[in-house]
Amino acid sequence: MVEIQKSLDVAVSTRVRLARNLREYPFKSVISRAKQAELLEKVKDAFFSSSAQAKKEFSLLYMEKLPEAEALSLMEQHLISPEFAKERKNGGLLLSKDRTLSVMINEEDHLRIQSLKPGLDLDGAYEPAERLETLLDERLSFAFDERLGYLTHCPTNLGTGLRASVMLHLPALVMNNGAGKMISAVGKLGFTVRGIYGEGSEAHGDLFQVSNQLTLGLSERDTLIRLGDVVQQIILQERTLRKATYERQPANYEDAVFRSYGILRYARRLTSQEALEHLSRLRLGVVSGLIKGYDPRQIDELCMKAQAGSIISAFGVTDPQQRDVKRAEFLRGALEPA
Amino acid sequence: MKCQQCKVNPATTRIVYNINGNTTELNLCASCAAKSNYSSLLGSFDFDSFFGNLFSHSVMPAALGRGGEEQTCPQCGSTFSAITERGRLGCARCYTAFYNALLPSIKRIHGNAEYKGKLPVSAGPEIKRKKELASLKEELNKAVLLQEYERAAEIRDRIKALEGRENDGGNTKES
């Protein structure tokens, strides 16, 4: 097995988001359209007047002007939530050029500040989000209560408003039917496991998101430390299982990996679910050292780019049948050995 | 695995509910998932209704005025029953307006917890001092438990200095 930095052999990405609301504006379920539009402009002005760097490094996307497929593609890249992609009226997205930092404006909360990093990197993801939050805090008045912390639309986010999540690739756990057990064990510790796009979504491609549940009573630092501990445990489990699964039946393991690789290299039609399934096996083959010449981050990027919204926005094919053909063609090209 | 609803087709969709740390899993085939509204990429399950249930255990009379008529939030006009119904608050002010009525629900979600975390720039020096003191005391306990006595002594000095500042403030006022 190859030892990889930031546990990239198992951890796909780390995401941190901070929920904030402006004191003087009603929350999502009460606010008027006009007030929402006003809030969007207020945040935009406050942000872009904060520093020359902000202007240079970020751009603002008006969500309602965005075609649906592009919104979907942003969701597939985990830059916005599914809800934000669906309800685009008065939504604004501040997005950094490198696409690692973003602020959703008029989401479930007025502001959802988000930071994304590859692999397991909780501190690395938290720090830029916190800096961006401070920058906005200096110019906007956030709703805050001494006892309850930052006040949020839904009381489940009350307090730090911090939701940190790590996306894990757990093929060996799934192969050994251990996912259910892991999910309930993690749940007992106050953490949640979800599918790849968050709340209520499916766990395709052996991908799972582990995130903190509680936001009140723990500081940001302690929340990150505890989540990190739980995630490390799951990573160790997955590594042990991968090794044991391989040792038990090396031919089966290699066959699963290379069969998927073959399909990705030569198939002429692939649904998004099939693509995810085979990319999952390919990733396993790459990080196990069985398949050379690829980087796990490259595979993770393909997982996003092979999704429906991204295929539609990149190639303009809306017909689902045609999309499957395009997807197979795209993956064949991307995986062509150098 | 077979779909848990029709028990015929293979399950392709796993739905995981997590309510207060209790997870339940439901494995459905594509068509049953579609029937239950889980199939669409953008669909998400209705968390509101779960949350509404969580709220309904709250002490309703706490939100009633003396005459029995329902109080409203002075900022956004939400009533407590409206908040309960949608599982969401109307504005920041709702939290203070219905603090006592909301507290049982908040405790049910987060436990008996006091806020420990970042403070906004606008927080007054008194809040900052109080929070810092609380977190130092917690750190002191941890250091003592870990038998890190040198660090504990350092923390104790910082606590003393902070508490001293409070007394100084008091003295200046008196003199």
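The values are calculated or read from the model by the stated rules, or taken from the named source; none is laboratory data. Just so you know, these numbers come straight off a predicted model, no measurement behind them. Neighbour counts run over all protein chains shown; Cβ positions are idealised from the backbone, glycine included.
Details
- With respect to being touching a Cys at 6+ places or on another chain (Cβ under 8 Å), crowded, with 18+ Cβ neighbours inside 10 Å, touching a residue at least 24 places away in the same chain (Cβ under 8 Å) and assigned to a helix (DSSP H, G or I), A:Leu302 falls outside the description.
- Subset tally (residues that are more than 14 Å from chain B (Cβ to nearest Cβ) and outside any helix (DSSP H, G or I)) for region A:18-63: 7
- Some residue of region A:194-213 being more than 7 Å from chain B (Cβ to nearest Cβ) and farther than 30 Å from B:Leu28 by Cα: no
- The residues on offer are A:Ser260, A:Ser272, A:Ser288, and the sole one that is under 20 Å from the mean Cα position of the chain (by Cα) and farther than 30 Å from B:Lys118 by Cβ is A:Ser272.
- Sub-6 Å Cβ pairs linking a first residue in region A:142-155 that is facing another protein chain (nearest Cβ under 7 Å) to a second residue that is assigned to a strand (DSSP E or B) and small (Gly, Ala, Ser), at least 6 apart or interchain, are A:Gly149/A:Gly159, ordered by first then second residue.
- No other residue among A:Val193, A:Val210 is part of a strand (DSSP E or B), modelled with pLDDT under 95, within 21 Å of A:Val12 (Cβ to Cβ) and not charged (D, E, K, R) apart from A:Val193.
- Subset of region A:13-72 [under 20 Å from A:Ser141 (Cα atoms) and among the charged types (D, E, K, R)]: A:Arg17, A:Arg20, A:Arg23, A:Glu24, A:Lys28, A:Lys35, A:Glu38, A:Glu41, A:Lys42, A:Lys44, A:Asp45
- Region A:207-252: number of residues that are out of contact with any Leu (no Cβ under 8 Å at 6 or more places or on another chain) and hydroxyl-bearing (Ser, Thr, Tyr): 4
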